[in-house]
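Student: Starting off with a structure, shown below.
The values are calculated or read from the model by the stated rules, or taken from the named source; none is laboratory data. Note that the structure is predicted; figures quoted are calculated from it, not measured. All Cβ positions, even for glycine, are placed from backbone atoms using ideal geometry, and neighbour counts span all protein chains on display.
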Amino acid sequence: MTQGNAGITGLAHIGIFTQDVDKAKAFYQDVLGFALTNEEALVGDKGTTRLAFLEAGSCIVELIQPADPSSVADRPAGRVDHVAMAVKGIDEVAERLKTKGIAFDTEEPSSLKILGGAKNIFFQGPDGERLELFEVLA
């Protein structure tokens, strides 16, 4: 799958939507023993989305509390939203996948102001599962 240095390098994180990020953080930290590694607040037109990244060994969970937390209960995708794969050279990887027939949700990877700078792009797997290519740039 790899050409040069570009390719999937592992699992980046598992994104889980929550109605109450503080309650979810407490569960992952106090019950499961995860360590909180980062928190972010993304301010948008519809309000603030809160993110919390927690880590246990090589497992990283991204808790996502949307601006409207009540929307979580009716999410058609469920509580686990996506599987993010860590990549190096996201633009090249995305272009290679396009040549294999992958249709992405957006034309190009998005730049994110989280984790010191990152890029991502979403697509669907064969059964409709939401997948993400994710590259930390910092």
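Student: Of all residues in the range 31-49, how many are assigned to a strand (DSSP E or B) and within 23 Å of Thr9 (Cβ to Cβ)?
Tutor: Looking only at that region, the number is 4.
Student: Looking at the range 1-30, which of the residues that are in a strand (DSSP E or B) and exposed (fewer than 11 other Cβ atoms within 10 Å of the Cβ) is farthest from the chain's Cα centre (by Cα)?
Tutor: Among residues in the range 1-30 that are in a strand (DSSP E or B) and exposed (fewer than 11 other Cβ atoms within 10 Å of the Cβ), the one farthest from the chain's Cα centre (by Cα) is Gln3.
Student: Within the range 84-109, track down each residue that is assigned to a helix (DSSP H, G or I) and hydrophobic (A, V, I, L, M, F, W, C).
Tutor: Within the range 84-109, Ile90, Val93, Ala94, Leu97 meet the criteria.
Student: If you check Val43 against the conditions, is it within 13 Å of the chain's Cα centre (by Cα) and surrounded by fewer than 15 Cβ atoms within 10 Å (Cβ to Cβ)?
Tutor: no
Student: Which numbered condition in (1) out of contact with any Lys or Arg (no Cβ under 7 Å at 6 or more places or on another chain); (2) closer than 12 Å to Ile16 by Cβ is the only one that His82 fails?
Tutor: (1)
Student: While we're looking at this one, here's another question. Sort out which residues of the range 108-138 are on the phi > 0 side of the Ramachandran plot and modelled with pLDDT of 90 or more, and write them in order of number.
Tutor: Leu115, Gly116, Gly117
Student: If you check Val87 against the conditions, is it under 15 Å from the mean Cα position of the chain (by Cα) and under 23 Å from Glu39 (Cβ atoms)?
Tutor: Here the answer is no, as Val87 does not meet what is asked.
Student: Taking only the range 38-67 into account, find how many residues are acidic (Asp, Glu) and within 14 Å of His82 (Cβ to Cβ).
Tutor: 1
Student: A follow-up question, please. Within the range 67-75, can one find any residue that is within 22 Å of Thr9 (Cβ to Cβ) and touching a Ser or Thr at 6+ places or on another chain (Cβ under 7 Å)?
Tutor: no
Student: Every residue in the range 50-83 that is assigned to a loop (DSSP other than H, G, I, E, B) and either at pLDDT below 90 or surrounded by fewer than 18 Cβ atoms within 10 Å (Cβ to Cβ) (or both), please.
Tutor: Gly57, Ser58, Ala67, Asp68, Ala73, Asp74, Arg75, Pro76, Ala77, Gly78, Arg79
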